[in-house]
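Enquirer: Attaching a single structure in structure tokens format; questions to follow.
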Amino acid sequence: MDGGGRLLGIGEMARASGLSISALRFYDGAGVLAPASVDPGTGYRRYAQRQLPAARLLAGLRRIGMPLAEITRILELRGSDPAAVSRLLDAHLRRLEEGLADARREAARLRVLCAAAEPEVRLTVPGRELAAAVDAVRFAVGADPGLPMLGGVHFEFDRDVLRLVATDRYRMAVSEVCAEPGNLGDGEAVTRVTAPVSFVDAARALLTGGWPATLTLGSAAVSLRVRDRRVTGTPMEHDFPDYRRLLRTTTGGPDRRRVTVDVVGLRERLTAAETRTVVRTDDGARCAVSVLAIDATNRLTVSAAETPTAPTDPVVRVGVDREFLLDALDAVGAGQLVLELDGPIRPLAVRRLDDDTAFSILMPVRI
């Protein structure tokens, strides 16, 4: 007996703990959770109320696939060494994550095998325009090994328009190129391929003479041919994030303030102005932040100030990683651009004045 308390039948224990009757019998036989009493004549098992927490913990560990030996160890340590229990759980989660990564790789391989018979798309684009499109997005490619899906350039071909997209979470760059007529492939379908940055860089090295370039996008391979030179690569197996969702939050809107500035002049102002050092909360990286502000007369100021110099004027302010903004300016090149701002927590858009198909989006830094 349990100090005079009422014992639970095996069916009651099953309902209260989340373990099936067969699982309770199994864990009894394995020596993990023995009943408080067993009827010698019928073999009927009864459990004490105090065993419920252990049974519920066991049910949870079973649901996440914890091996039997580690379940036993956690039940032994749960009241005496919570740090050891936490380490066992962390180790199991790492195994699950590694197993999921292996499963994704295998699924990607199988997807390629299943799609091997699907037609690829081959398109010809002006070499100089493709080079400019690559240059406009290359700076935003991610380098975090923990986010491999961001380590390339996403190519999307739809109705004779080739779109290139790159992002590292903190910034995103988009550019478009119109393909020449006569493309091979299904003209009604949208082809999406994410190419690794190694292929993108090798392809860019071929785009130096202004010759037309033939780009082939397929589920098993990507390639670029310029005259008699050719580079090939394997598409990335990771799904590229839904970049269109961010685009919807940064395009249009009556409250967005737009100001036209000279690229060279803005670069000089950014370089000369003081910055504030901010530590990003998600990865702990330190960044030099410039504060951009537009006053009621649409005048742009660049500073490190937390508040505008003329606080009575209605202004729009946003803090941005200075190096990221300088990279975006380099991608634009010389000439004029349009900055779009609408507050300290909304993304900043950097657009070419004469080409609305190429632009960058920079996530704000809280100031």
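Enquirer: Would you kindly state how much longer the chain becomes between A108 and A220 on full extension, computed as 0.36 nm times their sequence separation minus their alpha carbon distance, in nm to one decimal? Provide the component values of the computation, followed by the final result.
Expert: Working: separation 112, 0.36 × 112 = 40.32 nm, distance 1.02 nm.
Contour length minus the Cα-Cα distance gives 39.3 nm.
Enquirer: Provide Rg over Rh for the chain; use the alpha carbon set for both Rg and the Kirkwood Rh (inverse mean inverse pair distance). List each step's numbers first, then the result.
Expert: Numbers: Rg = 29.7 Å, Rh = 25.3 Å.
The Rg/Rh ratio comes out at 1.17.
Enquirer: Further question on the same structure: Tell me what the chain gives for mean residue ellipticity at 222 nm when only DSSP H runs of n ≥ 4 count, each as -39,500 (n - 2.57), the sum divided by the residue total, rounded to 500 deg cm²/dmol.
Expert: -10500 deg cm²/dmol
Enquirer: On full extension of the chain, what length is gained from D201 through A101, given 0.36 nm per residue of separation minus the C-alpha to C-alpha distance? Please report the intermediate quantities before stating the final value.
Expert: Numbers: separation 100, 0.36 × 100 = 36.00 nm, distance 2.65 nm.
Length gained, D201 through A101: 33.4 nm.
Enquirer: Starting at 0 and stepping by 10 Å, how many percent of the alpha carbon pairs of the range 127-238 end up in each bin?
Expert: 15, 50, 31, 4, 0
Enquirer: Okay, moving on. Cα convex hull of the range 23-112: mean projected area in nm², to one decimal?
Expert: Numbers: hull surface 30.5 nm².
It is 7.6 nm².
Enquirer: Sorted by accessible area (1.4 Å probe), largest first, how do S303, S360 line up?
Expert: On the way: S303 35, S360 5 Å².
My answer, sorted largest first, is S303, S360.
Enquirer: Once you keep just the Cα pairs under 8 angstrom separated by 6 or more residues, what percentage relative contact order results for the chain?
Expert: Values: 645 pairs, mean separation 44.8, N = 367.
So the answer I get is 12 percent.
Enquirer: In addition: Relative to the first principal axis of the alpha-carbon coordinates of the chain, what is the inclination of helix 127-137, with its axis defined by its Cα atoms, in degrees from 0 to 90 and to the nearest 10?
Expert: With rounding to tens, the tilt is 50 degrees.
Enquirer: Summarise the accessible area of the chain (1.4 Å probe, protein heavy atoms) by the percent that is carbon and sulfur. Intermediate results must be reported in sequence, preceding the final value.
Expert: Details: 10100 of 19430 Å².
Carbon and sulfur atoms account for 52 percent of the accessible area of the chain.
Enquirer: Pop the C-beta distance of R230 and D355 into the FRET formula with R0 = 35 Å and round what comes out to the nearest 0.05. Numbers along the way, then the final one.
Expert: On the way: r = 29 Å, r/R0 = 0.82.
So the FRET efficiency works out to roughly 0.75.
Enquirer: Between V279 and E323, what's the calculated FRET efficiency when r is the beta-carbon distance and R0 is 22 Å? Round to 0.05.
Expert: Numbers: r = 15 Å, r/R0 = 0.68.
Once rounded, the FRET efficiency stands at 0.90.
Enquirer: Also, I was wondering about something else. Run the quick spin-label model on R56 and S22: label points 7 Å from Cα toward the beta carbon, then report their separation in nm to one decimal.
Expert: 2.6 nm
Enquirer: Give, rounded to the nearest 20 debye, the magnitude of the charge dipole that the chain has about its Cα centre when Lys and Arg contribute +1 at Cβ and Asp and Glu contribute -1 at Cβ.
Expert: Details: 49 positive and 48 negative charges, 215 e Å.
With only Lys, Arg, Asp and Glu charged at Cβ, the dipole is about 1040 debye.
Enquirer: Between P181, P148, P35, which gets the highest mean-square fluctuation from a Gaussian network model of the chain, Cα cutoff 10 Å?
Expert: Fluctuation is largest for P35.
Enquirer: Also: Rolling a 1.4 angstrom probe over the protein heavy atoms, how many square angstrom per residue are accessible across the range 1-146?
Expert: On the way: 8610 Å² over 146 residues.
Roughly 59 Å² per residue, with all protein chains present.
Enquirer: Suppose R0 equals 22 Å; then what is the FRET efficiency for A34 and D90 from their Cβ-Cβ distance, rounded to the nearest 0.05?
Expert: With R0 = 22 Å, the Cβ-Cβ based efficiency is 0.15.
Enquirer: How do I367, I10, I345 rank by accessible surface area computed with a 1.4 Å probe, from largest to smallest? Before the final figure, lay out each step's value.
Expert: Working: I367 55, I10 10, I345 105 Å².
Sorted by accessible area, descending: I345, I367, I10.
Enquirer: Measuring from label point to label point, each 7 Å out along Cα→Cβ, what is the D262 to M149 span in nm?
Expert: Each label point lies 7 Å from its Cα, and together they span 4.3 nm.
Enquirer: Then there's this: What residue among T297, T232, T216 has the largest mean-square fluctuation in a Gaussian network model of the chain, using Cα springs under 10 Å?
Expert: T297
The values are calculated or read from the model by the stated rules, or taken from the named source; none is laboratory data. Everything quoted here is computed from the prediction, not taken from an experiment. For neighbour counting, all protein chains shown are included, and Cβ atoms are generated from backbone atoms with ideal geometry for every residue, glycine included. Note: areas computed on protein heavy atoms with side chains; ligands, DNA, RNA excluded. Shrake-Rupley method; radii C 1.70, N 1.55, O 1.52, S 1.80 Å.
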